[in-house]
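Please read the structure below before turning to the comments.
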């Protein structure tokens, strides 16, 4: 499993505030410079590298004289506004001795939910990589209120990895990886070296609180790793405070926790449907339709629809759920919610009689549908 990491060529590396600060309330310059050196070495060895970096609010806190992470949204935005340019200056100074050019991208959830903006971001990143530029990505915390309140760069790194079709996602934290219990409190805690593709019975510790300096705890890292792995991208959670950690990971050494990737990689549009879009509603289907969709690669026909939930238009992304309400697929609706309600349970040749028109035989066409593991 680890040996396959040696074949990776396109990497997304996420660095959190707990690593960049080394537990303090300001950037730890030596740690930032060491991580930059490791990234440069990877570039010199032929890897394409994208860096997803936290630290804007942390850097702004130091500049503004704040001794704890702001709690109010306006103060978080102010700290981010002050800190983002300073953070990039630190990176530029650290990379300058190696002649490494940087490009900054500040993204929000809307940049992923919109197919047009998603493709624009994708094209920009590929152009930067082609030109030998190392992209540095962060959330646009100065405007993204919802992202500051609920978001985290772990989730962003998984979205960036799926957007690029990366070969490997590396999430650096201040622990050696995922543990069975809290290693800070339990001396018997054991490192989980590998998380299989289907690991519902695997027990591990996933604190949600974070460090107080950033927004993401271990739970967000696990969720991000699962998302990336489900799209076919192996993910490693490892200790960013350990010197040489990036090179050890790409060499296939048994460091950190690796999340085993899905056996098949999704195409770009399928990755967007599965992980980057906002679902507008859901359709419940019967067991026969679920079987046809999952096992036989069929489209969703009105005869398999049991019920409709939410308000959506034709062209919106929706969830497909079984009769127990468990989501197993996502796709683009061919009809709006009211129309699906009218045609549910009938055969395709009866759609025109029910609606007066029949633009499609399918409620969701197979080409616009992705099955979730």
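Nothing in this text is a laboratory measurement; each read-out follows from the coordinates by a stated rule. All values derive from a computational prediction rather than experimental measurement. No Cβ is skipped: glycine too gets one built from the backbone with ideal geometry, and neighbour counts run over all protein chains shown.
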(message) Within a 10 angstrom radius of the beta carbon, how do 36, 321 rank from fewest other beta carbons to most?
(response) 321, 36
(request) Would you mind getting me the FRET efficiency between residue 133 and residue 367? Use the beta-carbon distance for r and R0 = 56 Å, nearest 0.05. (result) 0.95
(request) Compute the long axis of helix 218-230 from its Cα atoms, compare it with the longest principal axis of the Cα atoms of the chain, and write down the angle in degrees, 0 to 90, nearest 10. (result) 50 degrees
(message) Binning at 10 angstrom from zero up to the longest distance, how are the C-alpha pair distances of segment 279-371 distributed in percent?
(response) 19, 59, 22, 1
(message) Between residue 294 and residue 101, what is 0.36 nm times their sequence separation minus the Cα-Cα distance? Round to one decimal in nm.
(response) 65.0 nm
(request) Report the calculated FRET efficiency for residue 45 and residue 81 (r = Cβ-Cβ distance, R0 = 45 Å), to the nearest 0.05. (result) 0.80
(request) Calculate how steeply helix 153-164 sits against the longest principal axis of the alpha-carbon atoms of the chain, using the helix alpha-carbon long axis, and give the answer as 0 to 90 degrees to the nearest 10. (result) 60 degrees
(message) At a 10 angstrom cut-off on C-beta neighbours, averaged per residue, how do the peptides 268-277, 49-58, 239-248 rank from highest to lowest?
(response) 49-58, 268-277, 239-248
(request) Please give the FRET efficiency for residue 309 paired with residue 72, using the beta carbon to beta carbon distance and R0 = 41 Å, rounded to the nearest 0.05. (result) 0.70
(request) State whether segment 2-270 is rounded, prolate or oblate according to the following rule on the C-alpha gyration tensor (a ≥ b ≥ c being the square roots of its eigenvalues): a/c under 1.5 gives rounded; otherwise a/b larger than b/c gives prolate, and the remaining case gives oblate. (result) rounded
(request) Starting from the Cα of residue 25, step 7 Å along the direction of its Cβ; do the same at residue 350; then give the gap between the two resulting points in nm. (result) 6.8 nm
(request) Report, please, the projected area of segment 19-109 averaged over directions, based on the convex hull of its C-alpha atoms, in nm². (result) 6.4 nm²
(message) Based only on other Cβ atoms within 10 Å, what is the fewest-to-most ordering of 186, 167, 316?
(response) 186, 316, 167
(message) Could you list 61, 266, 131 so that the one with the fewest beta carbons within 10 Å of its beta carbon is first and the one with the most is last?
(response) 131, 266, 61
(message) Could you give me D for segment 235-291, from Stokes-Einstein at 37 °C and 0.692 mPa s, where the hydrodynamic radius is the Kirkwood radius over C-alpha pairs? Units µm² s⁻¹, please.
(response) 215 µm²/s
(message) Using the basic label-point model (7 angstrom from Cα toward the beta carbon), what is the residue 33 to residue 185 distance in nanometres?
(response) 3.8 nm
